[in-house]
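Written below as structure tokens is the structure these notes are about.
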Amino acid sequence: MAETVIEVQNISKVYKLGQIGSGSLRRDLNNWWKTSVIKKDDPYFLSGNNAPASDYHLWALKDISFEVKQGDALGIIGSNGSGKSTLLKIISRIVKPTSGLVRGTGKVSSILEVGTGFHPELTGRENIYISGYTLGMTKSEIQRKFDEIVDFSGIEKFLDTPIKRYSSGMYVRLAFAVVAHLEPDILIVDEVLAVGDADFQKKCLGKMRDVSQKEGRTVLFVSHFMQAINNLCVNALWLKQGQLMEFGECSAVVNKYLSSVQKFNLKQSWDNIEEAPGNELIRFKKVEIVPQIENADGPLDIRVPLTIKFKFWNFTDDVSLAIGLHLFTYGGECIFDNQSPSAYYNKGLIEGECTIPGNFLNDGSYFISIIVNRDTSIELFYFEECMSFDLEDYRGEIKWYGKWMGAVRPRFPFHIEQTTFNLE
Amino acid sequence: MSLSEKKVKWVIDSKSSYFDLNIKELVSYHHLLLRLVKKEFLINYQQTLLGPLWVLFQPIVTTVTYVFVFNNVIGVSIGGNLPPVLFYFTGIVLWNFFNDSFSAASKIFRDNMHIFSKVYFPRLIVPFALIITQFLRFLIQLGLLIIILAYFMIFEGFKVTFTWYLVALPLVLFIVGMLSLSTGLLFSIVTAKYRDLTNFVDILIRVLLFITPVIYPLAAVKPQIRWVVQLNPLTPLFELFRLGLLGQGTISIPLLSYGIIFTLASLFAAILLFNKQGGKLIDVI
């Protein structure tokens, strides 16, 4: 079994909210007087887990413990403000924990942004050196890697040009080239994929995979791209509001995380006919999306067929009704308007369903509106945005992480064959 | 399998100690130090017309102004047969060294926050790089001072008898450097926390100029109020600097010891506080 290289023990980090410091010089002096001179408890802060829930304090991290083994690739996931970056900053020695301990072995390099230490007035060459040294490279390391860095970034013509004249793409490429050639035992990477174009992201991820899988280094990686986390990482750690929710095998943790954050409104129902949404002609009793999925806890991804079920009261006898399902993206763009054929119905409860097949929609957030028409064109009731759901990405073995284009992602069959074997 | 005690190479905890000076680590970052010095020079003189000549331009203009205002308009007595140009230039060069180092050091956290919040390296590297940069600038100005001094000796018949005080010059420079660095650092920590105190720093430095023997010699101060100027730890250093270079200055052992002890005390305090607060400041800025 691989050796442990980082051991995080009960790390907590508390930020005092509000003004800088505890507020003012006067209060700080008061604070200091009480804690240091007359040895009373800090009136503005209590450490440890028994601290009161206070408006002044934000627990960025609360009692986090885990271990990272040699050669492990650990993905850290969680929504914004869950403490991911704080955790990385503590392990990178940038901020101090409020309590707890991190112990480790080996050289740590962190990439919390691309272009740390870059100065716009300096040339590419000069910046490679200064950034390299800032990130903890040694002189011989930089000299040895210099040509590789230049090659990787593809800026050799502009090596002696101040980087303020670089295009943003060149800047990012150079910046990443420097960090990509660091040789730490433990590499900490925070969301570098957020910058740069799809091509650049691909390059970054490729390099990171080399680092963790081929070179056997330990990687701690924060990203919002679950696809990338799934592909790169062995283990994952899920933080929620500073607390450790799950730690373990990557895809399991990612799935749990995704199904917890998916915002959806899959079902609405009304028992009382007076309160149900509608009018004197139509009132809805129930609308529901039923995912055709085996594991009920799993995330909704693009493979899952979705059955839309609806039930409404019809108050008119002998009326020709047609139901329309409208699917919109969160941006408000209509993807389809699926109309049922017209048919005659009498007073009473009407029930229906319609299935959106799997492998049809692209990943993203959607909402559904239902329209009930009389005689195919007269609107009786339009139940707007009555259901919503998120679809997660799923690509299987496809190792490409850019945003998949298009509102839909159907899998129409191809027929491809080689027709000749010569080039004429 | 947890990490065995033997293998632990580093520990991060909540404590920040005063005595946590990792010299070995500091030394391992000396390349960064040199690059930072080079960077300062490069960014200051890239895309400029006169380049490094600007380092000389400022003291020359200031000297001309001082000679005009203090010597010709007001008529400050600088004593002896000292050429006013030499007198003022000497003071200005040393004052610049102090002033520039102090101001730069007092803004360390503010100016470097974007780096400090993204990457770890021993923070003390930055103030050290800064003081070296300022010292190099000072050396350039000192070169001009020596040229002017030589001119006056050769062409104007100005006589300087070099004494053993000349040997004390490196000590003076070292102490002025350390004093500016340490007081600057102390202020950098305080102003990072309480922003409004930066205004105070600006005022302080202006007041300090007038109670430092830059535009007048200590000997010209009325004995009744001389203690005000003598309270300033820079006073013996400026006097000793002129005494060594130009052969004129008022110096006494107690006064000089006061300057040195003051410097050592503030240096000690600055490094301790920098260690203690450096890691925490990131949270408040």
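The values are calculated or read from the model by the stated rules, or taken from the named source; none is laboratory data. None of these values were measured; they are calculated from a predicted model. Methodologically, a virtual Cβ is constructed for each residue, glycine included, from the backbone with ideal geometry; neighbour enumeration extends over all protein chains shown.
Taking residues in region B:182-194 that are free of Cβ contacts under 8 Å to residues at least 24 places away in the same chain, and partners anywhere that are part of a helix (DSSP H, G or I), the pairs with Cβ atoms closer than 7 Å and at least 6 places apart or on different chains are B:Val190/B:Leu197; B:Tyr194/A:Leu25.
Across region A:87-99, the number of residues qualifying as in contact with a Leu (Cβ under 9 Å, 6 or more places away or on another chain) and either under 13 Å from B:Trp10 (Cα atoms) or more than 7 Å from chain B (Cβ to nearest Cβ) (or both) comes to 6. Selection of region A:134-145 for residues being within 20 Å of A:Leu187 (Cβ to Cβ) and not in a loop (DSSP other than H, G, I, E, B) yields A:Thr134, A:Ser140, A:Glu141, A:Ile142, A:Arg144, A:Lys145. Can you confirm whether region A:215-223 contains a residue that is touching a residue at least 12 places away in the same chain (Cβ under 8 Å) and under 24 Å from A:Glu294 (Cβ atoms)? Looking for residues that are touching a residue at least 12 places away in the same chain (Cβ under 8 Å) and under 24 Å from A:Glu294 (Cβ atoms), one finds none in region A:215-223, hence no.
Looking only at region A:118-133, decide whether some residue is at positive phi and either within 14 Å of chain B (Cβ to nearest Cβ) or part of a loop (DSSP other than H, G, I, E, B) (or both). Checked region A:118-133: no residue is at positive phi and either within 14 Å of chain B (Cβ to nearest Cβ) or part of a loop (DSSP other than H, G, I, E, B) (or both). Summed over region A:344-379, the residues that are without any contact (Cβ under 8 Å) to a residue 24 or more places away in the chain and in a strand (DSSP E or B) give a count of 2. Being closer than 29 Å to B:Ser103 by Cα and loosely packed, with under 13 Cβ neighbours inside 10 Å is the filter here, so list the residues in region B:157-173 that pass it. Answer for region B:157-173, where residues must be closer than 29 Å to B:Ser103 by Cα and loosely packed, with under 13 Cβ neighbours inside 10 Å: B:Val167, B:Pro170.
Taken over region B:262-285, the criterion of being aliphatic (A, V, I, L, M) and away from every other protein chain (no Cβ under 14 Å) is satisfied by B:Leu264, B:Ala265, B:Leu267, B:Ala269, B:Ala270, B:Ile271, B:Leu272.
What number of residues within region A:222-250 satisfy the criterion of being in contact with a Gly (Cβ under 6 Å, 6 or more places away or on another chain) and modelled with pLDDT under 85? Residues meeting the conditions: 1. Cβ-Cβ distances below 7 Å connect the following pairs, each with a first residue in region B:130-156 that is more than 16 Å from B:Asn99 (Cβ to Cβ), a second residue that is not in a helix (DSSP H, G or I), and a separation of six or more residues or different chains: B:Phe152/B:Pro83; B:Phe152/B:Phe158; B:Met153/B:Val160; B:Glu156/B:Pro83.
Restricting the first member to region A:392-415 and to residues that are within 17 Å of A:Phe336 (Cα to Cα), and the second to residues that are charged (D, E, K, R) and part of a loop (DSSP other than H, G, I, E, B), the beta-carbon pairs closer than 8 Å and six or more apart or on different chains are A:Ala407/A:Glu333; A:Arg409/A:Asp363. Would it be correct to say that B:Ser266 is crowded, with 18+ Cβ neighbours inside 10 Å, in a helix (DSSP H, G or I), in contact with a helix residue (DSSP H, G or I) (Cβ under 9 Å, 6 or more places away or on another chain) and small (Gly, Ala, Ser)? When the stated conditions are applied, B:Ser266 passes them. Quick one: would you say A:Ile293 is β-branched (Val, Ile, Thr), touching a residue at least 24 places away in the same chain (Cβ under 8 Å) and either over 30 Å from A:Gly154 (Cβ atoms) or part of a helix (DSSP H, G or I) (or both)? No; evaluated as a whole, the condition is false for this residue.
Restricting region B:247-261 to residues that are surrounded by fewer than 19 Cβ atoms within 10 Å (Cβ to Cβ) and in a helix (DSSP H, G or I) leaves a set whose member that is nearest to the other protein chains (Cβ to nearest Cβ) is B:Ile261. All of (1) at the interface with chain B (Cβ under 7 Å from one of its Cβ atoms); (2) surrounded by fewer than 18 Cβ atoms within 10 Å (Cβ to Cβ); (3) not charged (D, E, K, R) hold for A:Phe146 with one exception: (1). Within region B:101-110, the residues that satisfy the criterion of being surrounded by fewer than 21 Cβ atoms within 10 Å (Cβ to Cβ) and either modelled with pLDDT of 85 or more or aliphatic (A, V, I, L, M) (or both) are B:Ser103, B:Lys107.
Of all the residues in region B:71-94, those that are buried (at least 19 other Cβ atoms within 10 Å of the Cβ), more than 16 Å from B:Phe152 (Cα to Cα) and at pLDDT 80 or above number 4.
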